[in-house]
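Structure, as C-alpha cells:
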Amino acid sequence: SERTFIMVKPDGVTRGLVGEIISRFEKRGYKLVAIKSLVPSRQLAEQHYGDLRTRPFFKGLVNYITSGKAPVVAMVWEGRDVIRQSRAMIGATNPLEAVPGTIRHAFSISIGRNVIHGSDSFDSAEKEIGLWFGKPGDLVSWEPVNWNWIMAEN
Ligand code: GTP
Ligand code: MG
C-alpha cells in the first residue's frame, strides 16, 4: 500500500521527540518499513528541498537540516492514505497556524524549527523515499498480524 517519507528534524531529535513522534504513527496504525539516523550532506538536503531552491529561506533551511547539532531521523511509513493522513498529523508549516492535536502545534513555535517533515504528495513521497532509502534492501517488506483487516474500510 501507500508509503511516505517522514523525517524528525534536528530540533526534534535534540529535544527528545523521536519516541513521541514514532509513537503517534504506530498508534495511528501505520507500519514502519525503514528508519535511520544521520547528519545529511548538503547535497542530500539541497536535493530533498530542491523545489524551494529559489526561496529566501532556502540556505537557512539547508544549514538547519545539515548543521550536525543533532542528526535527523529519516523514516518510511506505510498504510492506508498515509501521505495525506501524515500531513494532517503533522499540521501546518507555520506552528502558529497548526491545529491543536497536530505534532507542530504540540511541539513547536517556529516555522524555521518545526520539528518534522512529511512528503506532500505521491510524487514527492516517491522522490524522497528514493533519495533517502534508494539502495536495494533499504525498505523492509513485512506484514503485521491482521494488517489487511486493520487497513480495511468496513
Ligand atoms: P516540510 O515537511 O519540511 O517539507 O514542510 P512543509 O511541507 O510544511 O513546508 P514547505 O515544504 O513549504 O517548506 C519546507 C520547510 O521550509 C518548512 O518546514 C520550514 O521549515 C521552511 N519554511 C517554509 N516556509 C518558510 C518561511 O516562510 N520562512 C522560514 N524561515 N522557513 C520556511
Ligand atoms: Mg514540504
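Results, tabulated for the structure shown:
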quantity: Extreme residue, farthest from ALA45 (Cα to Cα), among residues of region 104-154 that are open to solvent by less than 40 Å² (accessible area, probe 1.4 Å) and among the charged types (D, E, K, R); calculated: ARG104
quantity: Residues satisfying the stated conditions in region 13-62, i.e. within 11 Å of ligand 1 (Cβ to nearest atom) and either at pLDDT below 95 or more than 24 Å from LYS135 (Cα to Cα) (or both); calculated: LEU52, ARG55, PRO56, PHE57, PHE58, LYS59, GLY60, LEU61
quantity: Residues of region 53-75 satisfying the condition of being in contact (Cβ under 8 Å) with a residue 12 or more places away in the chain and within 16 Å of ligand 2 (Cβ to nearest atom); calculated: PHE57, GLY60, LEU61, VAL62, TYR64, ILE65, VAL72, ALA74, MET75
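The values are calculated or read from the model by the stated rules, or taken from the named source; none is laboratory data. Since the model is a prediction, treat every value here as computed from it, not as a measurement. So basically every Cβ, Gly included, is an ideal-geometry build from the backbone, and we count neighbours across all protein chains shown. The protein model used for the area step is the full one, side chains on, heavy atoms only, and it has no ligands, DNA or RNA in it. Shrake-Rupley method; radii C 1.70, N 1.55, O 1.52, S 1.80 Å.
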